[in-house]
Structure formats: structure tokens, C-alpha cells
Amino acid sequence: MSMNSIILHPSQKRSKDRYDPLKLTKLPIPTPGDGEILIKIHYAALNHRDLFIRQGLYPGIGTSKSCLGADCSGVVVKGTKKFSPGTKVILNPAINWEKKSKTDYFSVLGLLPEPGTLSEFICIDERQVFFKPEHLAFEEGASLPLAGLTAFRACFTKGEIKKDSVVFIPGIGGGVALFALQFCIAVGAKVVVSSSSEEKIEKAISLGALFGVNYKKNGWVETLKQFAVNDSPFSHIIDGSGGDENYSSFLKILTLGGKIITYGSTQSSNLTLLLPNLFLKQIEIKGTSMGSSEEFEEMIGFIEKYKIKPIISKIFVGLENFESAFEHMRNSSQFGKIVEKNVGKILDLEKKVTEKSLELQSKTKIKSEMENELKQMQNKVDAVKKK
């Protein structure tokens, strides 16, 4: 039997406009070995990492064809003692990273030698598989792993954010930034955001942010400085943008001993910092990326405790619509995760089967109740006749 997968064809071209092609490809459904699980993927989610891979901006791309995608939710087809067939699951995309202390080597789903989730099935080591939180729908479960794990490690392992921390999250709208917002709000921290979109700022406020600033408008740094002086000095910045101008601004608004937690560099990977601004204020800059199995399990417990639900920007139905999903990400129009419903027809059919099954059960129950009622009536008739 075969399955559809989205396969990257690396071009090896070195240019600013590099955008490697993806092709919908028929591949054999993998067979699980010892300790492995075969999962039918219901939903997969995109990350900026997938976009960076196509643009040649991610390490380790090489020349081999890879199936992209690091996030998914689905149902076990062939399982183990712990995960029997039919179990609803999500995956930890970080491979070979068990404890919080980082290993010498870890890899991520969605780039060889690891399999990807933009596919109809995936075969993976049982250690990467976790039960889907019951309060999350399949599409929400698929949105959680990579971005949720990255945000959790940034906020709590690296940032040690707690109640009454004051956090600035620039560039609100992406998956990690939104999870960071939700996680910080959950523990009682104060959060301020920035965006070039007033609509995104308003949405962030509806999720619990105190306010937001538009970084395309003059005076946004001064607004943050005034807030820091008159209300609450910023103790943390959770940043995925990078860039000289941003970091210069960060140093101006952070309190003594403040922390910058960086998990990405969408604007620029080069920085020029005036070191006195850094050491005189005792500021720490900490880098982070992804997280361990230990943190993944803690993150799941955290979102279950606080009933946190991922924010979904848009769902694209069918693997064949992958380019539309990537364009949505390239245009920076998202507020939340971009999700692909991989097996829409199968899911719809399963839903109909379930509905029919419940309907049949209901009819069977009614029939049984009517038969019992008729039997009781007949018994009464027979009793009267005997008299």
C-alpha cells in the first residue's frame, strides 16, 4: 500500500530568492520495527522552520530528498503495549534529547535522516509518542509540539518566568510567540506585545496582554520606556526576531538583571551591541531552541492544568493544498498556527460511520425498550385471562 507525502527537492542554489520545490509523492507505507509505532496522521502543522528549509536557510539540508513537517496528531495503526491501535496521539519532534540538559546531538522531525509529518502516515520510535491531551481537538493537538515546546523551554527553563514577571513579546502572531503569551498569562505574569498589525495587537489583548505597540510607528520604544518607568520595569523579553535595532531597544527597556531569551532571528542574525549597556545593567542573553522529552511531558501537563488551547490561524484541507499553506506563512498574515487536514475524506467518513453507529445503537435501545414494554403488557393480558 502507498501513501502521499510532501517531498523537498533541494536545489543547492545559493541566492536570496531560493525557494526549493516540494512535490506530492506516492511512497510505500512504512512498516514499524521493534519499539516503533505506525501512525495515521490526521492533521499536520507548519512551522517557520519548514519555510527556512525551502529557502536554504536551515543547516543540514544536504542534497537528499526529505519529507517536511515536524508537527502532527493522529491515531495509532500499529502500536505497542502502551499505545494500542486507535490511541489518539501527538509527537515530540525533538529526537535524542531526553533530559533538560542538552545532548551533544539531537535532530528534528521533517529533515533527513528523520521522517516528516507532511504525509498520510509516519513510523516513529515509541519514545517520541505522547497521548493527545483530551481537551484538545486533533487540529489543536497538531499545533502544539514544536512551537509549544520551544515556548515552554524559553519561558520556564531558560527564563524562569513566574507570577508578577513583566514580559515583552515582540512580533506577536507566530506560534511560539503566542504560546509564550498564553504560558506567561497562565502563571500570572504581565505581558506586553508588539506587532506591525493593529488587528494582531487587539487579538493579543483579548488573550490577556496588557497592551501592544506598533513597531512600524514612531515612538513605540518611548511608550515601552514610559511603561517601564511609571508602571512595571520589564524583567524578560522573549524574542524570535533578532536585529540590531530591536536589541538596542531591548536594552533600553529592561530592568537591572533582566533577561533576553532568544529562540529565532527572522529579521537578522547579526548583532552589534554596546557591551557597557549589557554588563552595567547585569542583563543576560540566553539562547534556546526546541526542548527535551522531559520538558515536552512537563509542557503537556502544563497545558492540561491550565486548559490552554493553541491558536489556529487557518486550516488547509488536503495535502495537495500545501503551497497555499506555505504562501499564507510567507505573507506573514498568520495569527496562530497553520494546519493541514491531511485525510479529510477519511476523517469525514469516520465521522459518518460513528454517527451511524450511534444512531443504530439508539434505535437498538429503543427497540429493546419497546419489546420489554410489549412483553410486560402481554404478561398483564395473560394474567387477566387466567382470572
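Is there any pair linking a residue in region 135-147 that is touching a residue at least 40 places away in the same chain (Cβ under 8 Å) to one that is in a helix (DSSP H, G or I) and aromatic (Phe, Trp, Tyr), with Cβ under 8 Å and at least six apart or on different chains, and which?
As it stands, the answer is Pro145/Phe296; Ala147/Phe179, since those pairs meet every condition given.
To keep it simple, each residue is scored yes or no on (1) in a loop (DSSP other than H, G, I, E, B); (2) at pLDDT below 95; (3) touching a His at 6+ places or on another chain (Cβ under 7 Å).
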residue	(1), (2), (3)
Lys286	no, no, no
Ser289	yes, yes, no
Glu295	no, no, no
Glu298	no, no, no
Phe302	no, no, no
Ile308	yes, no, no
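Kindly indicate whether Ile185 is farther than 28 Å from Ser292 by Cα, assigned to a helix (DSSP H, G or I) and either out of contact with any Phe, Trp or Tyr (no Cβ under 6 Å at 6 or more places or on another chain) or of a type in the set (A, V, I, L, M, F, W, C) (or both). Walk me through it before giving the result.
Numbers: farther than 28 Å from Ser292 by Cα: no; assigned to a helix (DSSP H, G or I): yes; either out of contact with any Phe, Trp or Tyr (no Cβ under 6 Å at 6 or more places or on another chain) or of a type in the set (A, V, I, L, M, F, W, C) (or both): yes.
For Ile185, the condition - farther than 28 Å from Ser292 by Cα, assigned to a helix (DSSP H, G or I) and either out of contact with any Phe, Trp or Tyr (no Cβ under 6 Å at 6 or more places or on another chain) or of a type in the set (A, V, I, L, M, F, W, C) (or both) - is not met.
Across region 1-57, what is the total count of residues that are free of Cβ contacts under 8 Å to residues at least 40 places away in the same chain, aromatic (Phe, Trp, Tyr) and part of a strand (DSSP E or B)?
Qualifying residue count for the region: 0.
Quick one: which residue in Ile37, Ile53, Ile41 is over 18 Å from the mean Cα position of the chain (by Cα) and within 18 Å of Ser5 (Cβ to Cβ)?
Going through Ile37, Ile53, Ile41 in turn, just one is over 18 Å from the mean Cα position of the chain (by Cα) and within 18 Å of Ser5 (Cβ to Cβ): Ile37.
Go through region 44-64 and give me each residue that's under 16 Å from Met290 (Cα atoms) and not aliphatic (A, V, I, L, M).
Asn47, His48, Arg49, Asp50, Phe52, Tyr58, Pro59
Restricted to region 211-232, and to residues that are surrounded by 15 or more Cβ atoms within 10 Å (Cβ to Cβ) and assigned to a loop (DSSP other than H, G, I, E, B), which residue is modelled with the lowest pLDDT?
Taking region 211-232 as the starting set, the residues that turn out to be surrounded by 15 or more Cβ atoms within 10 Å (Cβ to Cβ) are 212-215, 220-221, 223-225, 227-228, 232.
Restricting the remaining residues to those that are assigned to a loop (DSSP other than H, G, I, E, B) gives 215, 232.
Details: Tyr215: 94, Ser232: 84.
Ranking the candidates gives Ser232 first.
For region 29-86, which positions are modelled with pLDDT under 95, of a type in the set (Ser, Thr, Tyr) and touching a Lys or Arg at 6+ places or on another chain (Cβ under 9 Å)?
Residue satisfying the conditions is Tyr58 alone.
Any idea which of Glu139, Glu120, Glu160, Glu126 is more than 26 Å from Pro10 (Cα to Cα) and within 19 Å of the chain's Cα centre (by Cα)?
That would be Glu139, the only listed residue that is more than 26 Å from Pro10 (Cα to Cα) and within 19 Å of the chain's Cα centre (by Cα).
Name the residue that is surrounded by the most Cβ atoms within 10 Å (Cβ to Cβ), counting only residues in region 278-332 that are among the small types (Gly, Ala, Ser) and without any contact (Cβ under 8 Å) to a residue 12 or more places away in the chain.
So, considering only residues that are among the small types (Gly, Ala, Ser) and without any contact (Cβ under 8 Å) to a residue 12 or more places away in the chain, the one surrounded by the most Cβ atoms within 10 Å (Cβ to Cβ) is Ser324.
When you go through Asp348, Asp382 one by one, which is the residue that is assigned to a helix (DSSP H, G or I), at pLDDT below 70 and among the acidic types (Asp, Glu)?
One residue alone meets the criteria, Asp348.
Every residue in region 225-242 that is touching a residue at least 40 places away in the same chain (Cβ under 8 Å) and among the acidic types (Asp, Glu), please.
Asp239, the sole residue that qualifies.
Just to verify a result, which residue in region 234-268, among those that are touching a helix residue (DSSP H, G or I) at 6+ places or on another chain (Cβ under 8 Å), at pLDDT below 90 and assigned to a loop (DSSP other than H, G, I, E, B), is surrounded by the most Cβ atoms within 10 Å (Cβ to Cβ)?
Checked region 234-268; the qualifying residue surrounded by the most Cβ atoms within 10 Å (Cβ to Cβ) is Gly264.
Being out of contact with any helix residue (DSSP H, G or I) (no Cβ under 8 Å at 6 or more places or on another chain) and not charged (D, E, K, R) is true for just one of Gly35, Gly60. Which residue is that?
Answer to the selection: Gly60.
The values are calculated or read from the model by the stated rules, or taken from the named source; none is laboratory data. Predicted model only: the values in this text are computed from it and were never measured. A quick note on method: Cβ atoms are made from the backbone with ideal geometry, for glycine too, and the neighbour counts reach across all protein chains shown.
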